[in-house]
Every structure is written in C-alpha cells, then in structure tokens.
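The values are calculated or read from the model by the stated rules, or taken from the named source; none is laboratory data. Quantities reported herein were computed from a predicted structural model and do not represent experimental measurements. Glycine gets a Cβ as well: all are built from the backbone with ideal geometry, and neighbour counts include every protein chain shown.
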Amino acid sequence: MKKKILRFASDLSVLLCIVTAALWLRSFFISDMVTYAPNHSSYSVFSERGAVCWRWIGVGGLKPQWLFYSDHVVHGGYRSPPISRIRQWGFGIEKGLIWSPRKFPFLVLIVPDWAFMALFLGLPAVRQVKSRRLLAAAKNAAPTTAVNTPSEPQMV
C-alpha cells in the first residue's frame, strides 16, 4: 500500500511539473491574475514573465469580491504595483506605497516557475534513486549456490 501511495504521489508530481512548464511558457505571452478583495485588503496571485507573484494591497472600503483577469503581457510593462526588476535567481520581494488619490501600502512576493518545477520533480527523482539502489542491492545480495554438476559423465 505504501508503494502505491508513493507511486501515485510521484506520478501526480510529474503531472504538476508538466502543467507548470506549460504555464511557465504561457506566462511570457498571457498574464493571469486571481484577486480576492475582502473589506480592507486586496490579495492577488498572478503569473507573469516566468514567475508566480503573491500581492497584498492595503486598500479600504472594498466590497468582498473575487476577480479574474487574463490579458496579453505588454512588453516592458508590469502590473501595479511594479515587480522589482532586481531579483536573485528569480526570487524577489518588494514593498512600498502605491500613490493614487490616497497612499496604499503593498507587498509583492515573487517565486520563479522553475522553483515550482524543481519542487515537483523532487519526489520522482528521490523515488527513482531509491528504486535503483534497491535494485542494485537486490542484485548484489542474490544468493549464489554452488552446485557441482559435472559437464561430462565420469567413469567409475
């Protein structure tokens, strides 16, 4: 039973990696965003230019609602608030104020899509290494029985 669960989790992980690769490619052409805006804040998750971003904006007086946006990525333009162009290995964090008629604080956390792919490939890789080690150990530990079988009949 444990092997079946590990196999299922491993196969699901490979499937998630393939889906992530497709969404990674899509994010260079089309940007998707899901936003939930309860009373005093706006929380968004969006995919753009090879990264998944989580954004919080402290705005007040919104009616609770869910929003979904999907549009073409404009060359050189970023969502508001802007995503920092200074990143380390694709990871980033930015906070500040959006200047509108009022000031709204914001926070953006950026995780590159390749990090999700590496995470999803971790379980299948571990499973593959483990199964190869078990197979090699089984081959080396196979008992060898020495049976003396003469190749030619002996004359007595």
Enumeration of residues in the range 94-124 that are out of contact with any Leu (no Cβ under 9 Å at 6 or more places or on another chain) and either among the hydroxyl-bearing types (Ser, Thr, Tyr) or loosely packed, with under 14 Cβ neighbours inside 10 Å (or both): Leu97, Trp99, Ser100, Pro101, Arg102, Ala118, Gly122
Selection count, the range 28-53, where residues are more than 11 Å from Trp66 (Cβ to Cβ), hydroxyl-bearing (Ser, Thr, Tyr) and surrounded by fewer than 18 Cβ atoms within 10 Å (Cβ to Cβ): 1
Some residue of the range 4-27 being touching a Gly at 6+ places or on another chain (Cβ under 7 Å), surrounded by fewer than 17 Cβ atoms within 10 Å (Cβ to Cβ) and modelled with pLDDT of 80 or more: no
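So that you can scan it fast, the table gives a plain yes or no per residue for (1) β-branched (Val, Ile, Thr); (2) in a strand (DSSP E or B); (3) closer than 30 Å to Phe104 by Cβ:
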{"position": "Lys3", "(1), (2), (3)": "no, no, no"}
{"position": "Phe8", "(1), (2), (3)": "no, no, no"}
{"position": "Asp11", "(1), (2), (3)": "no, no, no"}
{"position": "Thr20", "(1), (2), (3)": "yes, no, no"}
{"position": "Ser31", "(1), (2), (3)": "no, yes, yes"}
